[in-house]
1. Could you list, in sequence order, the residues of the stretch B:79-111 that are at pLDDT 95 or above and in a strand (DSSP E or B)?
2. Being modelled with pLDDT of 95 or more and of a type in the set (G, A, S), is that true of even one residue in the stretch A:64-71?
3. State whether one or more residues within the stretch B:140-160 are touching a strand residue (DSSP E or B) at 6+ places or on another chain (Cβ under 9 Å), among the small types (G, A, S) and within 14 Å of chain A (Cβ to nearest Cβ).
4. Please go through the stretch B:289-315 and give me each residue that is in contact with a Leu (Cβ under 6 Å, 6 or more places away or on another chain) and more than 14 Å from every other protein chain (Cβ to nearest Cβ), ordered by number.
5. I want to confirm something. Restricting to the stretch A:85-95 and keeping residues that are modelled with pLDDT of 90 or more and surrounded by fewer than 18 Cβ atoms within 10 Å (Cβ to Cβ), which single residue is nearest to the other protein chains (Cβ to nearest Cβ)?
6. What are the residues in the stretch B:145-194 that are outside any helix (DSSP H, G or I), in contact with a Phe, Trp or Tyr (Cβ under 6 Å, 6 or more places away or on another chain) and either without any contact (Cβ under 8 Å) to a residue 24 or more places away in the chain or buried (at least 17 other Cβ atoms within 10 Å of the Cβ) (or both), if any?
7. Determine, yes or no, whether A:S88 is without any contact (Cβ under 8 Å) to a residue 60 or more places away in the chain, of a type in the set (S, T, Y) and more than 21 Å from A:F130 (Cβ to Cβ).
8. Within the stretch B:116-130, track down each residue that is over 17 Å from B:H184 (Cα atoms) and either over 17 Å from the mean Cα position of the chain (by Cα) or within 11 Å of chain A (Cβ to nearest Cβ) (or both).
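The values are calculated or read from the model by the stated rules, or taken from the named source; none is laboratory data. The structure displayed is predicted, hence computed values, not measured ones. Every residue, glycine among them, receives a Cβ derived from its backbone with ideal geometry; neighbour counts consider all protein chains shown.
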Amino acid sequence: MNYKKILVAVDASENARRAAEYVGEIVGESPGFEITLLYVVRHAERDLFPDDKSWENRKKQEKEKAKYVLSELKTLLHTYGLSEDTVSTRLIEISNFSIAQAVMDYQKSGGFGTIVVGRRGMSKAEEFLFGSISNKIVHYAKNCAVWVIE
Amino acid sequence: MSKEVQELVKRLRPGLSLGEYGKVYDDTSEFMKISYGDVIRLEGQHYLVIRDEAERSFGIEDPKYWVKRCIHLESGERKILKLVFYEKFSLKLGDIEIPCFRSPRKEARILELVRGDKRFMQGVSCLDSKGNLVRILDVVSGKRLDHFVFEIEKGHKEYFFQDLPAILENFMDSCRAIKFLHDHGEIHGDIRRDHLWREYKSGQYVWIDFDYAYEFEESPFGLDIFGLGSLLIYLAGKQIYTEANLQHIMADKQIELEENDFSLLYKNRIVNLKKLFPYIPRELNLVFMHFSQGAEVFYETVDEFLYDLEPCIELIRKKGGQP
């Protein structure tokens, strides 16, 4: 497993930004690294909207936001000296499915040796009710290192 | 217009007399206008509105104007009509607020999924003349399970050993019903004490009201499982215990409580019931403690919860000296 092949799971949160900054600090201009910024968009369910139009609008907005965040974080990594060739971005859309699982599937299929993920401070009660993406990745990811950035 | 209703009632339910004859509605969009004496016509069937349903909370009646108690004029049966009301609100669980949506689509889909399954309220859905998805529900003839349990006239120990094992058997079946939803990619979404009823005649436990929908989360079943845990703790205790009511109920006992003895969400509720009732088997109390502030491991599936709960019924029976 190539630990220099790094998958950074991001979203629009501050924690994701911190995770990207951390990778930038660690990798910098060092050679041999390959970084992929992955944004998994989990679309809201159709049930939550009165009609198809408002649902489609929301999905479109989510996708646009993800594209913007990916582009912004890529630029951020360049400021740490990572070259254009070193950083790539990927957007995956899912519905009614686990983001953690989507990240782990992508890690497996892409042969990434490291997953980097941000973690937001969650209370126990929130973790019970909503679950934690970073905890799931720490527990279930195989054949790779996991960096959790708080 | 009132004549139309009068004639409908006269023709279909001649024995019925009303204080007021209202209008016939084919379009239910403006549900606030529809009230006592009106008739809702859906796919050629007529539903005479008797009143708006209401929820009682902290002694206050909260009317649900989009839920109408009706008589189906063709059959004379009592029905509940849930009209379309898109609402986004915050569901408050302890200190946590969760954005929640009413979804007629979700409820209609689950009604279809559970057709004929006695563990769920029954009903059908249809569109009114404006395309609103109306749900036509059978009335559950019964009582809230928590009220039924609370009113059993026994002390806790007697109740615990004599009644609880059978109640838990039924409750486990209700949990399996929730697992059935989860296995089909659905959630109940609002598992509370007032949403599990016990039918008068059959004693069957019935889940009601599943129109709440949420943004999908990493643990999609967490909310339902927490609801099941809270219900279990209520059933085992025969009521809720807080520091405040404990002073009245067990004034003669000295019980030392710490933070970890209380519910993870409802910070004033005691879940470590073994401190109150030492005869509760340790194994059952451990299930309760998964819902406490001291919990380190949470149930992620109903199966995990049932796996721990099932053997406890036998333990209670053994401790109580039943075969």
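1. Of everything in the stretch B:79-111, those that are at pLDDT 95 or above and in a strand (DSSP E or B) turn out to be B:K79, B:I80, B:L81, B:K82.
2. Within the stretch A:64-71, the subset modelled with pLDDT of 95 or more is A:64-71.
Keeping just the survivors that are of a type in the set (G, A, S) gives A:66, A:71.
Yes; the residues of the stretch A:64-71 include at least one that is modelled with pLDDT of 95 or more and of a type in the set (G, A, S).
3. No, there is no match, as no residue in the stretch B:140-160 is touching a strand residue (DSSP E or B) at 6+ places or on another chain (Cβ under 9 Å), among the small types (G, A, S) and within 14 Å of chain A (Cβ to nearest Cβ).
4. B:C312, B:I313 - these are the residues of the stretch B:289-315 that are in contact with a Leu (Cβ under 6 Å, 6 or more places away or on another chain) and more than 14 Å from every other protein chain (Cβ to nearest Cβ).
5. Applying the first criterion (modelled with pLDDT of 90 or more) to the stretch A:85-95 yields A:85-94.
Right, trim to surrounded by fewer than 18 Cβ atoms within 10 Å (Cβ to Cβ) and you get A:85, A:88, A:90-94.
Working: A:D85: 33, A:S88: 25, A:R90: 20, A:L91: 18, A:I92: 15, A:E93: 13, A:I94: 9 Å.
Filtering first and then ranking leaves A:I94.
6. Keep residues of the stretch B:145-194 that are outside any helix (DSSP H, G or I), which gives B:151-155, B:163, B:184-192.
In the following step, the residues that additionally are in contact with a Phe, Trp or Tyr (Cβ under 6 Å, 6 or more places away or on another chain) were identified as B:152, B:188-190.
Within the stretch B:145-194, B:H188, B:G189, B:D190 qualify.
7. For A:S88, the condition - without any contact (Cβ under 8 Å) to a residue 60 or more places away in the chain, of a type in the set (S, T, Y) and more than 21 Å from A:F130 (Cβ to Cβ) - is met.
8. Matches in the stretch B:116-130: B:V124, B:S125, B:C126, B:L127, B:D128, B:S129, B:K130.
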